[in-house]
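Q: Here you go, one structure.
The values are calculated or read from the model by the stated rules, or taken from the named source; none is laboratory data. Not measured: the values here are computed from a predicted model. Virtual Cβ from ideal backbone geometry, glycine too; neighbours counted across all protein chains shown.
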């Protein structure tokens with residue numbers, strides 16, 4: 001069964017029909033939020049960063065939110081294939097012991113343990129990320145405003161309720177509650193326009209790399225917000241997927257725009273703008289923002305053959321509960337199966353048949 005589907009916006013599709021797809025064509029690689037779903041992209045990451053992109057020399061902007069930010073920061077490490085393998089192992093085997101007398105693990109416990117994991121993963125290697133000769137990293141976070149300026153037992157839930165209701169009316173208006181703050185490699189302009197949503201850019205540094213990355217992964221109410229990140233505006237910072245779930249950004253007309261393409265390994269065809277848009281189906285379609293984008297995604301019928309008939313996701317923590325070996329087995333089975341995605345992409349790149357590419 002075919003595992004990989006290839007989708008392209010009209011500009012990207014015209015380019016592929018005329019030129020195929022070469023490593024030098026790529027100018028931006030986005031990486032979505034989505035928790036364990038991102039595990040399915042491990043083999044694609046290892047092939048693209050460890051092999052295919054090494055055949056070119058151009059600068060590439062890596063834009064990530066949540067697990068996508070972790071993946072893109074990993075791409076900037078030396079020996080990235082080994083680093084991606086460790087990321088996959090560490091993510092699959094993460095486990096949070098339930099304290100005696102508690103019914104659920106607290107957000108504080110999850111945040112503390114996750115912070116320790118990031119320290120162990122990037123310990124001594126942050127300069128590799130910050131000074132990569134080719135890759136310019138952009139970590140997307142969501143900063144609370146007004147009522148949400150600091151995490152609070154009742155103000156935060158009220159703020160997210162307000163953000164949800166406001167977002168239904170207008171995504172741009174949600175900027176009254178949450179703003180997009182992007183932590184970027186020093187001197188790197190954003191590779192997308194920012195007139196769609198309230199945005200700030202902050203320079204990445206040794207001091208703010210880990211708090212920015214942890215903030216980008218801090219799912220509200222599951223982890224604690226990260227406060228007062230060095231070099232950035234004061235306040236509470238949460239998961240970058242809240243404002244930019246799948247990074248549906250205006251890449252075509254960005255500040256660093258070029259004729260090069262946006263190559264997007266993704267776990268589905270739809271590029272949903274924000275986390276609060278998940279239930280708003282009318283916002284799931286492609287827009288002109290994605291005209292130069294090529295999306296690599298798993299076939300839905302292939303997904304149904306994975307354990308539990310779906311991609312790994314956060315519901316598996318509840319499904320398996322204390323059965324860590326059961327969850328590890330299911331996730332390892334899914335990631336092993338996803339090697340087929342990389343194998344099919346490799347074969348297509350060697351002989352890029354435009355008939356295989358579908359409209360995004």
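Q: Given 83, 69, 8, which one is touching a helix residue (DSSP H, G or I) at 6+ places or on another chain (Cβ under 8 Å) and free of Cβ contacts under 8 Å to residues at least 24 places away in the same chain?
A: Answer to the selection: 83.
Q: Let me ask you something else. Residue 93 is checked against (1) modelled with pLDDT of 95 or more; (2) more than 30 Å from residue 327 (Cα to Cα); (3) surrounded by fewer than 17 Cβ atoms within 10 Å (Cβ to Cβ) and fails just one. What number does that condition carry?
A: The one condition residue 93 does not meet is (2).
Q: From 327, 305, which residue is buried (at least 17 other Cβ atoms within 10 Å of the Cβ), over 21 Å from the mean Cα position of the chain (by Cα) and not in a strand (DSSP E or B)?
A: Values: 305 fails: buried (at least 17 other Cβ atoms within 10 Å of the Cβ).
Answer to the check: 327.
Q: With 94, 128, 116 as the choices, which residue is closer than 27 Å to residue 40 by Cβ and in a loop (DSSP other than H, G, I, E, B)?
A: Among 94, 128, 116, only 94 is closer than 27 Å to residue 40 by Cβ and in a loop (DSSP other than H, G, I, E, B).
Q: Any residue in region 289-298 that is over 20 Å from residue 52 (Cα atoms) and in contact with a helix residue (DSSP H, G or I) (Cβ under 7 Å, 6 or more places away or on another chain)?
A: The answer is yes; a qualifying residue exists.
Q: OK, next. Name, by its number, the condition in (1) part of a loop (DSSP other than H, G, I, E, B); (2) modelled with pLDDT of 95 or more; (3) surrounded by fewer than 22 Cβ atoms within 10 Å (Cβ to Cβ) that does not hold for residue 33.
A: Residue 33 satisfies all of (1) part of a loop (DSSP other than H, G, I, E, B); (2) modelled with pLDDT of 95 or more; (3) surrounded by fewer than 22 Cβ atoms within 10 Å (Cβ to Cβ) except (3).
Q: Hey, among the residues in region 229-263 that are over 19 Å from the mean Cα position of the chain (by Cα), modelled with pLDDT of 95 or more and not in a strand (DSSP E or B), which one's surrounded by the most Cβ atoms within 10 Å (Cβ to Cβ)?
A: Among those that are over 19 Å from the mean Cα position of the chain (by Cα), modelled with pLDDT of 95 or more and not in a strand (DSSP E or B), it is 229.
Q: Would you please name the residue that is surrounded by the most Cβ atoms within 10 Å (Cβ to Cβ), looking only at residues in region 161-184 that are over 16 Å from residue 215 (Cβ atoms) and touching a strand residue (DSSP E or B) at 6+ places or on another chain (Cβ under 8 Å)?
A: Looking at residues that are over 16 Å from residue 215 (Cβ atoms) and touching a strand residue (DSSP E or B) at 6+ places or on another chain (Cβ under 8 Å), I get 163.
Q: Here's a follow-up. Pairs under 8 Å by beta carbon, first residue in contact (Cβ under 8 Å) with a residue 24 or more places away in the chain in region 153-168, partner part of a helix (DSSP H, G or I) and surrounded by fewer than 18 Cβ atoms within 10 Å (Cβ to Cβ), six or more apart or different chains?
A: 167/173
Q: Looking for something touching a strand residue (DSSP E or B) at 6+ places or on another chain (Cβ under 7 Å), under 21 Å from residue 49 (Cβ atoms), modelled with pLDDT of 95 or more and outside any loop (DSSP other than H, G, I, E, B) - is there at least one such residue anywhere in region 264-286?
A: Yes.
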